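Heads up: the structure comes next, in structure tokens.
No lab work stands behind these numbers, since they all come straight from the coordinates. As the structure is a computational prediction, the values presented were derived from the model and not from experiment. As a convention, Cβ positions derive from the backbone with ideal geometry for all residues, glycine included, and neighbour counts pool all protein chains shown.
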């Protein structure tokens, strides 16, 4: 039986903003993201990586494969957040 994620945002009200940010970042990476369904980007990323992720049970999916999907999305988001923070710091110095 698959393990359910218990991830909770520190600020739950930020969820929609984070989903919107994810959609923008992944769209800029060339993925087709429906802005009304940004959580669906993981299936497109999985497909581009050759990983058979499907809706529903993915009990046969390896931890390594799941990590590749999440790493691609999360890593891209973190790089963009760092870039935006650096931009803000540069503006503040002026």
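Taking the range 13-34 as the range and being surrounded by fewer than 19 Cβ atoms within 10 Å (Cβ to Cβ), touching a residue at least 24 places away in the same chain (Cβ under 8 Å) and closer than 17 Å to residue 49 by Cβ as the test, only 29 passes.
If I filter the range 19-34 for residues that are at positive phi and within 16 Å of the chain's Cα centre (by Cα), do I get at least one hit?
Yes, the range 19-34 has at least one match.
The residues of the range 52-67 that are surrounded by 13 or more Cβ atoms within 10 Å (Cβ to Cβ) and either at positive phi or under 16 Å from the mean Cα position of the chain (by Cα) (or both), listed by number, are 53, 65, 66.
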